[in-house]
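Beneath this line is the structure, given in structure tokens, with notes to follow.
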Amino acid sequence: MNLPEPIAEAIMPLIETLGTDAAMEQLVVREGAAHDLIRVVEAVLAKDAVGKKPALGAALWLYVDELDRSHVISQQLPDATGSFWHGIMHRREGDFSNSHYWFRQTGAHPAMADIAGYDPHAFIDAVEARDRTIAADLVDLQRREWAALFEWCCFE
């Protein structure tokens, strides 16, 4: 990811603790983060470079599978970016119809152009059809989706 230096530095402890190749392995989250990982995210969010951008908070909680915490933040973001994070959160909780709703609210978000082969509604349907199977291709898409939107939020 291409991130501004202050944000890259701020999130480094989280990336070192939970690398991008290990994060978001669950398509539908069945268990949230361990307490030590929650403390790392809280410390990252306490840094101005990240804490002053609420959309990054919604993102980081999704990164560690803490859906409720992400939901609280995304509900307070009254724009397409908030709807995008909100849609991801509902897909990851297994509320597929609600996820479709939030992606309709999102529309054609600029970050979507950076995700090769991305159709949020087709993605929701694929997760619904395969969430209890090993689906490395969908986990990869989930990670690319997160990275593209996270990067976009860093510059917004």
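The values are calculated or read from the model by the stated rules, or taken from the named source; none is laboratory data. On a predicted model such as this, the values are computed, not experimentally measured, just so you know. We place every Cβ from the backbone using ideal geometry, glycine too, and count neighbours over all the protein chains shown.
Summary table
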quantity: Counted residues, segment 17-34 - those being within 17 Å of A46 (Cβ to Cβ) and acidic (D, E); calculated: 0
quantity: Near pairs, Cβ below 9 angstrom, 6+ apart or cross-chain, from segment 132-154 (touching a residue at least 24 places away in the same chain (Cβ under 8 Å) and closer than 15 Å to D119 by Cα) to any residue that is crowded, with 20+ Cβ neighbours inside 10 Å and of a type in the set (K, R); calculated: Q142/R91; Q142/R92
quantity: Some residue of segment 58-78 being surrounded by fewer than 19 Cβ atoms within 10 Å (Cβ to Cβ), in contact with a helix residue (DSSP H, G or I) (Cβ under 8 Å, 6 or more places away or on another chain), without any contact (Cβ under 8 Å) to a residue 40 or more places away in the chain and farther than 25 Å from A33 by Cα; calculated: no
quantity: Answer from G87, G117 - the residue that is within 19 Å of V64 (Cα to Cα), without any contact (Cβ under 8 Å) to a residue 60 or more places away in the chain, out of contact with any Asp or Glu (no Cβ under 9 Å at 6 or more places or on another chain) and not acidic (D, E); calculated: G87
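Yes/no matrix, rows are residues, columns are (1) more than 23 Å from A108 (Cα to Cα); (2) modelled with pLDDT under 95; (3) aromatic (F, W, Y); (4) assigned to a loop (DSSP other than H, G, I, E, B):
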position: A10; (1), (2), (3), (4): yes, no, no, no
position: T20; (1), (2), (3), (4): yes, yes, no, yes
position: L56; (1), (2), (3), (4): no, no, no, no
position: A59; (1), (2), (3), (4): no, no, no, no
position: P78; (1), (2), (3), (4): no, yes, no, yes
position: S83; (1), (2), (3), (4): no, no, no, no
